[in-house]
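As C-alpha cells, the structure follows; a few thoughts come after it.
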Amino acid sequence: MTLYTGSQLALEYFKKAGIKHVFGIPGHGNAALTDVLYDMKKDMEFIPIKHEQYGGHMADGYFRANRKTPAIVTTSVGPGATNLATALATAYVDSSTFIALTGDIQTYLLGKGIFQEIERQFQSDYINAMRHFTKRAYFVTDVRQLPNAISNGLKEAVCGRPGPVLIGLPMNIQTDTIDVDINSIPLVLQVGRIRPDREKIIEAAKLLVSSERPFILVGGGVVMSDATEELVKLAELLGAPVATTFRGDAKGSFPETHELYVFSVGNIGNPVANKLASEADVILAIGVTFSDETTSSYVRGITFNIPPTKVIQIDIDPHEIGKNYPVEIGIWADAKTALAELYEAVESLGKRGKNISEYTKRIREMKQQWFNEVEELRKQAPMGIPALTKILRENLSNDTIITLSAGLPQEIFSQLWITDKPRTFISSGGFSTMGFALPAAIGAKLAVGDTPVIAIEGDGSFLMNNIELLTASQQNLPVITIILNNYGWISIRDLQIRNFEHRLIGTEFRDRRGNLKAPSFEKIAKGYGAEYFKAETPEEVISTVKSALKISDTPSVIEIMIENKFPYSGTKAYGYWDIPRRSGTSDKEVRSSR
Ligand SMILES: Cc1ncc(C[n+]2csc(CCOP(=O)(O)OP(=O)(O)O)c2C)c(N)n1
Ligand SMILES: [Mg+2]
C-alpha cells in the first residue's frame, strides 16, 4: 500500500497505462494536479497550451495519428473547463478519444456560489453540462471513488468504439489522500476483438458471392481496427470498388492508388463512386455512420438506392447498425476479424482470385473520365485548391500526415487528396470544427516523431487557433502550417452566392468601406517564432514546401494565396446536400460549401 494524493494516484495510474503527454493550462482549480507533474517530468511531459479547446484537439490529433495510446488534457475549474466543450464534441463525433481531467469546486463548498462556480439553478454541475459531449463522464466526490473512475475512464476511452472521457476532480479530491496498492487497480486496455457471429458471416458471404455489382463503403472503423490488409484482400477477391466516407479519417485505410478505389461517395464525392453506389445490388458497409455528406442527404438515387440495394453493415457499435438505412445483414463485430472471416467464407464458397471483370474495366474507364474532368478544373484555376491537392501530393512523401479543419480545405482535400496509408489523413469530418487542424497537427507530431505533419488551414480557421503556433515554437516542433488564404470564410460566401442569390453578408474580410482587411500572417507567424514563407504561384508552392520541410526545430507557416473567385474558389460537387436556401428561390442543385 502507498499513500497517494488524488492527483498523484490519477497521474501515476495513467503513467502505468503508457500515457506520456498531458496538455493543459494550470489554474488554481488544477494546480494540485499539475504540481504532481513537476516530479514526473521524465515520464510524462506537460505541454502548456494556449486555449483549452486546442489542447483538446492536440490530444485528439495525438490519438488519431497513433490509434493506440490516448493523451490527457487538464483544465482549471470554470471557464478553463468549459473551453473544452468543442474539443470533446469534435473527438466524440469522430470516435476519437482523450482523457480530460478538469478541476471543480471543493465538494464541501458546492452550492455557495464561490469563485468560478455557477449555482443559481443548482450547485456546480459542469459534468452534467458537458457529459453530452463525452462517451462517459465521472464526477469524483470522494477520493475513495477515484480508483474506480480512473480505471473505468481509461477503459471507456479506448475499448470498443473510442470516445473522450471526462473526469471531474474537485480541488479537495486532488489533495485528499488515499492508501492503495496501485497494482490492484484494474488496467483494462486490451479486451480483445469482437468476433462476428458465424452464421451472419456465412449469410453475408453468400449474398456477396451472388452479387453482380458489389460495392464496399469504408468508414472510420477500418482505420481504428487496423483492418487495411483484410479489406484489400476481400475487395480484390470480390472485385468490388471501394469508396470512403467523409468523416472518421477513413481516407487511407484502403490504398488510394489501387485500381478498385473510387474515392468518396456523397455530395462532395465524385460521379464514379456515386454512380457505382447507386447501381450496386449489395453494399458492404464497414464502420460507417451513413451521415448526410456521405449519402447526399438521403435523397434516393443520387448516391444510394437502398432498398433495392441490400446492405451488409459491420460495426463495433450496434448503435450504428440500421440507424439510417435498413440492413439485410447486420454484423456486430470488429472490422478486422469480420473482414478476415468474411474473406475465408467467400473463398470457401468458390470465389477465387482477383476478378478482372467487365465491371472493373468499367470502373477504370469511369475513373479516367472523372480524372480528366478534375484536370480541366485544375487548368482553369492553377492556384485553386483542386490544383493544390495535386502539387502538394507530388511534393510530399507518402507517409506525410495532413490535418484539416472545416471549410474549403476540408471539403476539397476529402474529395481529391490521395493517400495510400492509414492515419495520414486527419480531418474533423464529423463535427467539422474550424480551428482543428493546427493543434491536431501538433498532437500528431508529438505522436509520430520524424514523420512530416502538415496542417492545412483556411485563413479563417487559422485566425481562430494561430495562438498554438507559440506552443509549437516552445516545443521546438517542426510542424508546418499551410494557410490557404482566400480572404475570408469563402466556403460560406460561396454558399451565399449559390443559395442566397449573391447576398454576401460578413463572409469576406473587408472593412466598413468595403476594402479588403486581412491580417499580416507574416507578422503573426514571426511573432510566435515560426518561420514564414509566401507562395503565389505553383512553382513557389513547390519551393516553399521544400524549404519548410528542411526546418528541424521550429514550426513554419506557408501562406498560399489561393484563388478566391467563384466558382474557381471551390470544387465541383456531384451529389446533394440538404441545407437552407433563400425562400422563393428555385430548388436548383446545391453544390459544395458548408
Ligand atoms: C468553430 C466553427 N465556427 C463556424 C463554422 C461554420 N463554418 C464552416 S466553414 C467556415 C468558413 C471557413 O473559412 P476558412 O477557414 O477561411 O476556409 P475557406 O472556406 O475560406 O477556405 C465557417 C464559418 C464551423 N464549421 N466551425
Ligand atoms: Mg478562407
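The values are calculated or read from the model by the stated rules, or taken from the named source; none is laboratory data. Predicted, not measured: the structure shown is a model, and the values here were computed from it. Heads up, the Cβs are rebuilt from the backbone with ideal geometry, glycines too, and the neighbour counts pull from every protein chain shown. Ligands, DNA and RNA are excluded from the accessible area calculation, which covers all protein heavy atoms including side chains. Shrake-Rupley method; radii C 1.70, N 1.55, O 1.52, S 1.80 Å.
Taking the conditions exactly as written (open to solvent by less than 90 Å² (accessible area, probe 1.4 Å), over 31 Å from the mean Cα position of the chain (by Cα) and more than 28 Å from ILE401 (Cα to Cα)), does ARG352 satisfy them or not?
no
Please pick out the residue among MET464, MET383 that is closer than 23 Å to ILE492 by Cα, open to solvent by 20 Å² or more (accessible area, probe 1.4 Å), at pLDDT 95 or above and within 20 Å of the chain's Cα centre (by Cα).
From the options MET464, MET383, the qualifying one is MET464.
Does region 390-420 hold any residues that are within 20 Å of MET224 (Cβ to Cβ), surrounded by 20 or more Cβ atoms within 10 Å (Cβ to Cβ) and more than 16 Å from ligand 2 (Cβ to nearest atom), and which are they?
Of everything in region 390-420, those that are within 20 Å of MET224 (Cβ to Cβ), surrounded by 20 or more Cβ atoms within 10 Å (Cβ to Cβ) and more than 16 Å from ligand 2 (Cβ to nearest atom) turn out to be ILE401, ILE402, THR403, SER414, TRP417, THR419.
Please state which one of GLY192, GLY160 is without any contact (Cβ under 8 Å) to a residue 24 or more places away in the chain, out of contact with any Phe, Trp or Tyr (no Cβ under 8 Å at 6 or more places or on another chain) and of a type outside the set (A, V, I, L, M, F, W, C).
GLY192
Counting just the residues of region 467-487 that are over 24 Å from the mean Cα position of the chain (by Cα) and outside any helix (DSSP H, G or I), which one comes out farthest from ligand 1 (Cβ to nearest atom)?
It comes out as ASN476.
Can you tell me how many residues within region 291-344 are under 22 Å from ALA573 (Cα atoms) and out of contact with any strand residue (DSSP E or B) (no Cβ under 9 Å at 6 or more places or on another chain)? Talk me through it step by step, then tell me what you get.
We begin by selecting, within region 291-344, every residue under 22 Å from ALA573 (Cα atoms); these are 291-306.
Keeping just the survivors that are out of contact with any strand residue (DSSP E or B) (no Cβ under 9 Å at 6 or more places or on another chain) gives 291-292, 295-303, 305.
Residues flagged as under 22 Å from ALA573 (Cα atoms) and out of contact with any strand residue (DSSP E or B) (no Cβ under 9 Å at 6 or more places or on another chain) within region 291-344 amount to 12.
Looking only at residues that are open to solvent by 50 Å² or more (accessible area, probe 1.4 Å) and either touching a residue at least 24 places away in the same chain (Cβ under 8 Å) or within 16 Å of ligand 2 (Cβ to nearest atom) (or both) in region 538-561, which one is nearest to the chain's Cα centre (by Cα)?
As a first pass, look at region 538-561 and keep what is open to solvent by 50 Å² or more (accessible area, probe 1.4 Å): 539-540, 542-543, 546, 549-550, 552-553.
Narrowing further to those that are either touching a residue at least 24 places away in the same chain (Cβ under 8 Å) or within 16 Å of ligand 2 (Cβ to nearest atom) (or both): 542, 546, 549, 552-553.
Details: ILE542: 27, LYS546: 26, LEU549: 24, SER552: 26, ASP553: 26 Å.
If we take residues in region 538-561 being open to solvent by 50 Å² or more (accessible area, probe 1.4 Å) and either touching a residue at least 24 places away in the same chain (Cβ under 8 Å) or within 16 Å of ligand 2 (Cβ to nearest atom) (or both), then LEU549 is nearest to the chain's Cα centre (by Cα).
Right, LEU377: under 23 Å from ASP494 (Cα atoms), more than 16 Å from ligand 2 (Cβ to nearest atom) and open to solvent by 10 Å² or more (accessible area, probe 1.4 Å) or not?
Yes: the conditions hold for LEU377.
Can you go through ASN128, ASN148 and tell me which one is without any contact (Cβ under 8 Å) to a residue 60 or more places away in the chain, surrounded by fewer than 15 Cβ atoms within 10 Å (Cβ to Cβ) and closer than 23 Å to ILE19 by Cβ?
ASN148
Residues in region 303-315 that are surrounded by fewer than 22 Cβ atoms within 10 Å (Cβ to Cβ), in contact with a helix residue (DSSP H, G or I) (Cβ under 7 Å, 6 or more places away or on another chain) and either polar (S, T, N, Q) or farther than 12 Å from LEU284 by Cβ (or both): how many?
1
Condition (residue is out of contact with any Cys (no Cβ under 7 Å at 6 or more places or on another chain), within 16 Å of ligand 2 (Cβ to nearest atom) and without any contact (Cβ under 8 Å) to a residue 12 or more places away in the chain) applied to region 493-503: is it met by at least one residue?
yes
Within region 421-454, restricting attention to residues that are polar (S, T, N, Q) and open to solvent by 20 Å² or more (accessible area, probe 1.4 Å), which residue is nearest to ligand 1 (Cβ to nearest atom)? Quick ask: steps written out before the conclusion?
Looking only at region 421-454, we keep the residues that are polar (S, T, N, Q), and these are 424, 427-428, 432-433, 451.
Right, trim to open to solvent by 20 Å² or more (accessible area, probe 1.4 Å) and you get 432, 451.
Numbers: SER432: 5, THR451: 25 Å.
Per the criteria, the residue is SER432.
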